[in-house]
Ligand code: DGL
């Protein structure tokens, strides 16, 4: 099986990491729209337009599936991508909802959703979770985490101040949905802010569970061939991939 993985930039590499670990694909073609990142501050129609262009890009390869690693795109443009694609398109929001329901049995538990402004404004996670009976939902846009991760800031004073800024007014959640590609890289700091050890839902692990649930994988692959494409500065993407994925 060959997959295309789409993200607005470099953050989707966290999803690629999970896909590699689970040996699901013989080849992954990664496309990061680094020229136009961030998507999380853009409006719905713009995100849809860019997402449809990504489907067109992936038509240059013989792929079996497109995986949308970007939460902002998954929240707004999944149906539109599916409409123009000849192959299945799956996204991390649906996966994250299913993973949360698997991890949290008590529907009264408080679930905190964090993501970009676009993802939070879409209410896509809330919609999915409400359908499954969860009702104690709090969503907080935490866009400043994105540039911090891009700067390689995974701890220290600046991150601590940012955590305080966003989380101080909140109650302790039972679970936190890391609803943005970048957040797994600071998941320890995010989870560690609260002293009740909330369960963390990671898009990469969630999408692996969804793929294993909905698709048949005849074989596992000892190694995954990786091809990286970016709309701007592909060498930066490749250097981050080297660091994050140990390739
Ligand atoms: N990839 C985006 C997401 O997961 C974060 C970066 C952006 O705003 O484009 O929502």
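Rule-based calculations on the coordinates, nothing more; no lab input. Note that the coordinates shown come from a computational prediction; the quantities given were computed from them, not determined experimentally. A quick note on method: Cβ atoms are made from the backbone with ideal geometry, for glycine too, and the neighbour counts reach across all protein chains shown.
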As a test of the formula, what do you get for the chain when each DSSP H run with n ≥ 4 contributes -39,500 (n - 2.57) and the sum is divided by the residue count, at 222 nm and rounded to the nearest 500 deg cm²/dmol? -13500 deg cm²/dmol
For 50-62, 7-19, 206-218, 26-38, ranked highest to lowest by mean beta-carbon neighbours within 10 Å, the order is 7-19, 26-38, 50-62, 206-218
Using the Kirkwood radius over C-alpha pairs as Rh, can you work out the diffusion coefficient of the range 189-231 via Stokes-Einstein at 4 °C, viscosity 1.567 mPa s, in µm² per second? 92
So for the chain, averaging the separation of alpha carbon pairs under 8 Å that are six or more residues apart and normalising by length, what relative contact order in percent results? 29
Take the range 1-146, drop everything but the C-alpha atoms, weight them equally and run the Debye formula without solvent; then report log10 I(q)/I(0) at 0.18, 0.21 Å⁻¹ to two decimals. -1.06, -1.33
To test your reading of the geometry: what angle, between 0 and 90 degrees and rounded to tens, separates the Cα axis of helix 203-214 from the longest principal axis of the chain? 60
Once you compute Rg and the Kirkwood Rh from C-alpha atoms, what is the Rg to Rh ratio for the range 155-237? 1.09
Overall dimensions of the range 74-196 as given by Cα atoms, namely Rg and Dmax in Å: 15.1, 47
Nearest-ten-degree value, helix 92-103 long axis tilted from longest Cα axis of the chain: 50
Can you tell me the order of 71-80, 118-127, 163-172 when each peptide is scored by its average per-residue count of other Cβ atoms within 10 angstrom, highest first? 71-80, 118-127, 163-172
Working from Cα positions, state the angle (0 to 90°, nearest 10) between the long axis of helix 44-58 and the longest principal axis of the chain. 30
Computed P(r) (all Cα pairs; the range 145-200; 5 Å bins; percent): 4, 19, 33, 28, 13, 3
nm² value of the averaged projected area, convex hull over the Cα atoms of the range 64-108: 3.8
Estimated D of the chain in µm² per second, where Rh is the Kirkwood radius over Cα pairs and Stokes-Einstein applies at 25 °C, 0.890 mPa s: 136
